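Report on one structure; see the data block that follows.
The values are calculated or read from the model by the stated rules, or taken from the named source; none is laboratory data. Only a predicted model underlies this, so the values are computations on that prediction, with no experimental measurement involved. Note: ideal-geometry Cβ built from the backbone for every residue, glycine included; neighbour counts use all protein chains shown.
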Amino acid sequence: MPGRLARAWLAGVRVAPPWRVLFFGTDRFAVTALRALGAAREPSGDSLVSRLEVVTLPSCPSGDLPVRRCALELQLPLHEWPHTGPAGQFDVGVVASFGRLLSEDVILQFPYGVLNVHPSCLPRWRGPAPIIHTVLHGDKVTGVTIMEIRPKRFDVGPIIKQEEFAVPPHCTATELEVMLSKMGANMLISVLKNLPESLKNKKEQPKEGVTFAPKISIAKSCINWEEQTAAQIIQLHRAIGSMFPLRTIWKGTTAKLLDFVEVDNIPGFADQILNGCGAVPGSLLYHKASQTLMACCKEGWVGIKTVILKKKLTAVDFYNGYMHSWFQQNSRTVHQECRFQTLKLSTAKKTLKEREILSQDRK
């Protein structure tokens, strides 16, 4: 019996379910795992959990965190980080998208250590934004890893259970999060059903294939028409669009672009593009039949259905209000002046500008 389990047995700690669980989490991904643990606590459940308490971060100005709301709904005892509740009264800790490092002192309070539900096949995409980076880089396969937390570094502990998942075509990060959260919750319950044996069979992560998934800055939402292809912009929208609308400049004003579409899905658009039309990146056309705004990229064109300036505008409204006069003489002409321009956040002003944009988004 491994050292930790031997100590647990000698100390009189239970060696089979039901477990006393302390849960650490914050966001929607974590809520799915918390609900699974809550269901396992019910008399009609799997009798896996006898006690369940929750640690989450303090409330933020934009509102309560999803895990806090879920804990209150389930009437679970709630602790605000860095407070972790009564020491020595839990068998195992569970972390899902918590975003804070646990100290060695905290980890050692649990006879069975702390498990982490991580939405990638570690060691690929260690860090706080694995799902976003999976979509952003066009990965065909991802997965979920149940691993053992180690102090001082994120996502380096041994693997307890890992399963792969084929990423559906055209999937957004939000859609993928839902799929992986359900998968992760099921895997967590599976591990808890035979926790001592699962820990006995854990294995260290491979040293090869390590990649990192750092937190996404709002600066990532600024489209660079001269450097990004249509495929890259669509992929960026799928990865971060639900969190940060993609941004550009229209005649000196920041505009947000929503509801991107691939031009391959717009019948007849190819007939509107003439060879040698002279379009530069950011140039705009309006495709009347599909009521779609078309923007020229480094390679190819991308379709846009919604633009936000002072208010939300459909592509039809944007064309009638801002573009129509440019195209009265010849609807096939691409005018150099009628274009989006790249929004660049300078390093010196980046943090302040990001705060301003975030403040606008919340309004």
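If you scan region 155-196, which residues turn out to be in contact (Cβ under 8 Å) with a residue 12 or more places away in the chain and assigned to a loop (DSSP other than H, G, I, E, B)? Asp155, Val156, Gly157, Pro158, Val167, His170, Cys171, Thr172, listed by residue number. Residues in region 136-152 that are closer than 20 Å to Gln232 by Cβ and either in contact with a Gly (Cβ under 8 Å, 6 or more places away or on another chain) or crowded, with 24+ Cβ neighbours inside 10 Å (or both): Thr142 only. Considering every residue within region 69-83, establish whether at least one is surrounded by 13 or more Cβ atoms within 10 Å (Cβ to Cβ) and at pLDDT below 95. No, because not a single residue in region 69-83 is surrounded by 13 or more Cβ atoms within 10 Å (Cβ to Cβ) and at pLDDT below 95. Residues that are buried (at least 22 other Cβ atoms within 10 Å of the Cβ) and under 20 Å from Val15 (Cα atoms) were ranked within region 26-47; the one that is modelled with the lowest pLDDT is Ala40.
Contact annotation: residue pairs with Cβ atoms under 6 Å, 6 or more positions apart or on different chains, pairing a residue in region 98-115 that is farther than 15 Å from Gly85 by Cα with a partner that is surrounded by fewer than 23 Cβ atoms within 10 Å (Cβ to Cβ) and of a type in the set (Asp, Glu), are Gly113/Glu148. Looking at region 148-166 only, could you name the residues that are under 16 Å from Leu122 (Cα atoms) and not charged (D, E, K, R)? Across region 148-166, the qualifying residues are Ile149, Phe154, Val156, Gly157, Pro158, Ile159, Ile160, Gln162, Phe165, Ala166. For first residues located in region 46-74 and of a type in the set (Asp, Glu), partners that are part of a strand (DSSP E or B) and at pLDDT below 95 and lie 6+ apart or on another chain with Cβ distances below 9 Å do not occur. Only one entry of Lys207, Lys298, Lys220 meets the criterion of being charged (D, E, K, R) and not in a loop (DSSP other than H, G, I, E, B), and that entry is Lys220.
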